[in-house]
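Data block below; observations after.
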Amino acid sequence: MTPPFRGDRPHPGTSHTTNTANASHGQAAGTLHGDMIQNNFSSPPPGKVRSAYREQVRRIAPPELVGRDEELAELAAWCQQPGAGYIWWRAPAWAGKSALMSWFVLYPPAGVRVVSFFITARYASQNDRIAFTDLVIEQLCDLLGEALPPLTDTTRDTQFLGLLTDAAERCHAHGERLVLVVDGLDEDEGVNGPTGHSIAALLPTVPPAGMRILVAGRVNPPIPPDVPDHHPLRDPAMTRTLAASGYAAVIRGDMERELDALLHGPPAGRQLLGLLTAAGGGLSGPDLAELTNQSRRKVERLLGTVAGRSFTLRGSRYQPGQAPDLYLLGHEEIRMIAIDELGTRALDDYRQQIHTWADRYRTRHWPTGTPEYLLRGYHQMLHATGNTPRMIEFATDRARHDRMLDITGGDTTALTEIRTTQHAILDQDESDLNALALFALHRDTLTERNANIPMQLPAVWATLGNLNRAETLARTITDPYRQAQALTTLVGTLATAGHHDRAETLARTITNPALQAQALTTLVGTLATAGHHDRAETLARTITNPDRQAQALTTLAGALATAGHHDRAETLARTITNPARQAQALTTLAGTLATAGHHDQGRLVLARALVQLRVSLAGVVVRRL
């Protein structure tokens, strides 16, 4: 068997694409387009948010893509030539849609930037509009080099659309094109219920700045009802039928044989299948070991060998690279077959096992190491199965939401649970007014604690090395001025720790002009001290506050003098328009020259400093008169 794709290049020796197809994609055979074009911007933005979603796409992609040269060439032409902003590839199950889409995401044509989202009902935390916006926003911020904005139920959609426009315009300005890929529209669970909102309806009617939007899904499910009548997705001309892949059919056969082996083989395999199906995916090896009272090694060996194709791995949503990977079924059709074969009664029994497991952690007040599934996926499973009583019970558990805050650095997920449960209560024939009142109090508590976060706390987390949590925590402070103060302090901490790119990016997001200037001035001083004189000067020149700019340039002139760059220090000092600041900079330089034995040059510089000092004093007298 060909080993799974894991590197930054197509697996050597495969025939998934020919040189001709690769040329139509805009590069030589075997080169990763995404990595190549990542440096096309003339001045790459600093301080990127590093999105881990690309690594998740790698796990979706096949080890080789067979027989899709024609489709790849068509996609490349669609990206690079004038034409429609939308295309919708439709096909039945097992046609190889996700294989083609994931390969295209990993290896886009030259001059194309791709952000993507793969909807899957097999993983409860990645099958709705909230997951879509969260993960695409993360990728857009990565592309733009911006900090993640604070997301709430009221701002998430507008943040997505705003960042999408910014990214499309940035690509257009650099002669590139942004492409958004959305695979699996038919698996969007957000369309269910009277309060549902689909991912499709959020996609812009007119893609901004010439960007392209590529969607894929099955033939039969109708377009979600909240998609406007004039939306391009309702235009039959936007659709393209994808021919079934013979290679995908082979994979289907392998998966179905493995599924049969699990269903009719030893009880351990059937139990693992049942738990993952009942949970909606998202359980890790340690989770399954705890649920089945088996060793983690035995669980992972079984899932990795006997059921190598039936299951796939996804990285942790909140702690990628640190927390264990999460298992889910390898295809939506496999999930549907498993549901049918296991039966309602067996699935209810497996869910009861999961409920008992959750109750054990609840009794222990959600200790450190609580499984990620119980902090997000579990509540979504309760919602999907209509278990409103347990939804209420877990969405009002303050200790659980405290642990969620500890893991995620914010209360966004907790507030989303509250809103979802409130809607579930209101959808009942008789609404539980006591539960609604309890939710209102709990929501107010969460909101209030975000308003009272100590301003120094984010900087403390940064000092401890938890940069993501530090920034998220600062942005959850609800008072705008206190948030700006916390971010200003955090910029200083990041700069001191050497995270200069991230500090600059963060400083640029501070909306208070005076505090932004203060943060940038602090960063200039740190850069100057570290010897990054050119960058420090460039940054100082961007400070619009005259006094702060003069302060930053004064600090930089001193650092240049200390480093022995006397001529440059003097030239820089004499560009400072504030007489008092210029006198200060020149005096510092004169002292440095004298210490180095350059007495004559020091006297000349000091004389200029005295002139500027007199000018400054004269200005003070005039102002007082």
*Report whether or not A338 is small (G, A, S) and modelled with pLDDT of 85 or more.*
no
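Out of the residues in the range 427-442 that are in contact (Cβ under 8 Å) with a residue 24 or more places away in the chain and among the acidic types (D, E), which is surrounded by the most Cβ atoms within 10 Å (Cβ to Cβ)? Outline the logic, then answer.
Let us first name the residues in the range 427-442 that are in contact (Cβ under 8 Å) with a residue 24 or more places away in the chain, namely 427-428, 432, 435, 438-439, 442.
From the residues that got through so far, the ones that are among the acidic types (D, E) too are 427, 432.
Values: D427: 13, D432: 15.
By that ranking, first place goes to D432.
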*Go through the range 74-90 and give me each residue that's touching a helix residue (DSSP H, G or I) at 6+ places or on another chain (Cβ under 8 Å), assigned to a helix (DSSP H, G or I) and surrounded by 19 or more Cβ atoms within 10 Å (Cβ to Cβ).*
L75, A76
*Counted residues, the range 504-517 - those being farther than 14 Å from I543 by Cβ and either under 20 Å from the mean Cα position of the chain (by Cα) or among the hydrophobic types (A, V, I, L, M, F, W, C) (or both)*: 3
_Pairs, first of a type in the set (D, E) in the range 397-424, second open to solvent by less than 20 Å² (accessible area, probe 1.4 Å), C-beta under 6 Å, six or more apart_ = D411/L446; E417/H379; E417/A395
*Identify all residues within the range 91-119 that are in contact with a Leu (Cβ under 7 Å, 6 or more places away or on another chain), modelled with pLDDT under 90 and not in a helix (DSSP H, G or I); write none if there are none.*
A91, A95, I119
_G386, sole failed condition from (1) over 26 Å from the mean Cα position of the chain (by Cα); (2) open to solvent by less than 40 Å² (accessible area, probe 1.4 Å)_ = (2)
*Which is more than 24 Å from L275 (Cα to Cα) and of a type in the set (K, R), of R376, R419?*
R419
*Give the number of residues within the range 343-378 that are touching a residue at least 40 places away in the same chain (Cβ under 8 Å) and farther than 18 Å from L288 by Cα.*
0
*asked:* For the range 464-482, give me each residue that is open to solvent by 40 Å² or more (accessible area, probe 1.4 Å) and part of a helix (DSSP H, G or I).
replied: N468, T472, P480, Y481, R482
*Condition test on L326, is it in contact with a Lys or Arg (Cβ under 9 Å, 6 or more places away or on another chain), buried (at least 22 other Cβ atoms within 10 Å of the Cβ), modelled with pLDDT under 85 and within 16 Å of L375 (Cα to Cα)?*
yes
*Residue list for the range 508-526, filter: open to solvent by less than 20 Å² (accessible area, probe 1.4 Å) and either at positive phi or modelled with pLDDT under 90 (or both)*: I510
*asked:* Can you tell me how many residues within the range 221-247 are part of a loop (DSSP other than H, G, I, E, B), out of contact with any strand residue (DSSP E or B) (no Cβ under 9 Å at 6 or more places or on another chain) and open to solvent by 30 Å² or more (accessible area, probe 1.4 Å)?
replied: 10
*Report yes if some residue within the range 362-373 is touching a Ser or Thr at 6+ places or on another chain (Cβ under 9 Å) and under 21 Å from R449 (Cα atoms); otherwise report no.*
no
*Output the residue which, of all residues in the range 261-297 that are out of contact with any Pro (no Cβ under 9 Å at 6 or more places or on another chain) and among the charged types (D, E, K, R), is nearest to R314 (Cα to Cα).*
R297
*Across the range 527-551, what is the number of residues that are open to solvent by less than 60 Å² (accessible area, probe 1.4 Å) and assigned to a helix (DSSP H, G or I)?*
10
_Among the listed residues G246, G281, identify the single one that is closer than 26 Å to P63 by Cα, at pLDDT below 85, touching a Ser or Thr at 6+ places or on another chain (Cβ under 9 Å) and not charged (D, E, K, R)._
G281
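The values are calculated or read from the model by the stated rules, or taken from the named source; none is laboratory data. Every value quoted in this text rests on a predicted model; they were computed, and no experiment measured them. Every residue, glycine as well, gets a Cβ built from its backbone with ideal geometry; the counts of neighbours run over all protein chains shown. Accessible surface is based on the protein model in full, side chains and every heavy atom, while ligands, DNA and RNA are left aside. Shrake-Rupley method; radii C 1.70, N 1.55, O 1.52, S 1.80 Å.
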